[in-house]
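So the structure is just underneath, and the comments pick up after that.
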Ligand code: BGC
């Protein structure tokens, strides 16, 4: 049975697990430590060491994938919307490889979630374009065309009206900050998804992020031509997708 390790670095927690790649499920416990304050690279590295130690895989030869909330191109992190600015133009993959003494695959967190859903979840066997969005602190996006990932789309940073990044207005964090009702938040999501639908004519929208567990409170309020469904993997999507990509 093929296995790989996935680590998902988020704004509040760093989560990890060993993934059964055939089934797309965790075959270990899911371990979690809080993201260190400020989330500077060296502190995040220490936290990643800790989750790998807890999993007992510090010296494992299994592929290791790391999902990260930024643009990641050829192992370099190129943006930092909700994390330390130290990650901008930072050779993250190399930094982790040197410090951990092993190969690593660094990927965008929403891309990892998209791969988890297309290989083992809500977007499996979908023909054409699936757009997955994660609604959380920010808005992440993944484009999957006939199962193939087109990496590093950043739909959360579309300008919309007076907003330079639509995620500031429509992410779960905006709902929490402004204490929006489901109806008021759904009105914002309606504008966001209708705009994306017009731009890209997708065949399916998949909605991930923690709030997808409340999908029945807001997805039925949206009026789109494209089917829009919740992700299956929620909290483990980043771990599963990062592990899958590392094993490719
Ligand atoms: C980042 C994306 C990330 C998303 C979700 C956005 O602010 O720019 O790279 O995928 O948040 O974490």
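Odds and ends about this structure:
- If you go through the stretch 1-12 and pick out every residue that is assigned to a strand (DSSP E or B) and away from the ligand (no atom under 16 Å from the Cβ), you end up with 3.
- Residue count, the stretch 13-63 (criterion: exposed (fewer than 14 other Cβ atoms within 10 Å of the Cβ) and under 19 Å from the mean Cα position of the chain (by Cα)): 2
- Qualifying residue in the stretch 66-79 (condition: farther than 22 Å from residue 134 by Cα, in a loop (DSSP other than H, G, I, E, B) and away from the ligand (no atom under 16 Å from the Cβ)): no
- Criterion applied to 143, 90, 106 was being touching a residue at least 12 places away in the same chain (Cβ under 8 Å), within 15 Å of the ligand (Cβ to nearest atom) and surrounded by fewer than 20 Cβ atoms within 10 Å (Cβ to Cβ), and the one residue passing it is 90.
- For the stretch 120-134, a tally of residues being under 14 Å from residue 232 (Cα atoms) and crowded, with 18+ Cβ neighbours inside 10 Å returns 7.
- Yes/no for residue 99 being farther than 20 Å from residue 228 by Cβ and either assigned to a helix (DSSP H, G or I) or without any contact (Cβ under 8 Å) to a residue 60 or more places away in the chain (or both): yes
- Enumeration of residues in the stretch 13-57 that are free of Cβ contacts under 8 Å to residues at least 40 places away in the same chain and assigned to a strand (DSSP E or B): 13, 14, 20, 31, 32, 33, 34
- Flag if residue 156 is near the ligand (Cβ under 10 Å from one of its atoms), at pLDDT 95 or above, farther than 19 Å from residue 79 by Cβ and in contact with a helix residue (DSSP H, G or I) (Cβ under 8 Å, 6 or more places away or on another chain): no
- Test: residue in the stretch 110-117 that is over 18 Å from residue 246 (Cβ atoms) and within 15 Å of the ligand (Cβ to nearest atom): no
- The set of residues in the stretch 161-180 that are within 14 Å of the ligand (Cβ to nearest atom) and without any contact (Cβ under 8 Å) to a residue 60 or more places away in the chain comprises 163, 164, 166, 168, 169, 170, 171, 172, 173, 174.
- In the set 161, 147, only one residue is modelled with pLDDT under 95, assigned by TED's automatic domain parsing to the domain that holds residue 218 and closer than 24 Å to residue 225 by Cβ; that residue is 161.
The values are calculated or read from the model by the stated rules, or taken from the named source; none is laboratory data. On a predicted model such as this, the values are computed, not experimentally measured, just so you know. Here the Cβ is made from the backbone with ideal geometry for all residues, glycine too, and neighbour counts use every protein chain on show.
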